[in-house]
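For reference, the structure is listed below as structure tokens.
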């Protein structure tokens, strides 16, 4: 894609939709299709979160789901230069939800690493989510069957929990929510 100018959400909404992409500070980033294992892990995490959230105000969304981290209430698509599609987003403020996705920071974001996204998820998105105020960020690594959680404290992410294989891990921003990793990483 030619990079002769900065793009906005309005540009992405006008494209044909054949290619998934994110927009980071006006620069489009193409996304590789997820692997079968990536989708299995995502589906299991989604299922456990969805079950826990039944009857509660928070909702969980799986990609593709447009999260406009820095968009303000009065912004329009042509004002938005950053839009990401986390693997999973938990949003507890229904006022942030609209027909496009989420306007502002979700409460929890989960990214599942793939060979093409490792650096992007660990550095670029880590810093974007921190700056935007995402309260909790999980990085799931299928290669070593691990989950690392980070909590936002004083505008910095603090490593909170690390779990592997068949451990259980607490979702810190959801009261009494614990995810069982045994079915997440079952082959």
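Every number in this text was worked out from the coordinates using simple rules, so none of it is lab data. These figures come from a predicted structure and were not determined experimentally. When we count neighbours, we look across all protein chains shown, and the Cβ atoms used for this are built from the backbone with ideal geometry, even at glycine.
Here the sum of -39500 (n - 2.57) over DSSP H runs of 4 or more residues, divided by the residues of the chain, equals -5500 deg cm²/dmol at 222 nm, to the nearest 500. Distance between the C-alpha centres of segment 97-120 and segment 26-64: 9 Å, rounded to the whole angstrom. For the chain, the longest principal axis of the alpha carbon atoms and the long axis of helix 36-53 meet at an angle near 80°. Taking neighbour Cβ counts within 10 Å as the exposure measure, how do 54, 96 sort from fewest upward? The fewest-first ordering by Cβ neighbours comes to 54, 96.
Only Cα pairs under 8 Å and 6+ residues apart enter the sum, and on that basis the relative contact order of segment 9-185 stands at 17 percent.
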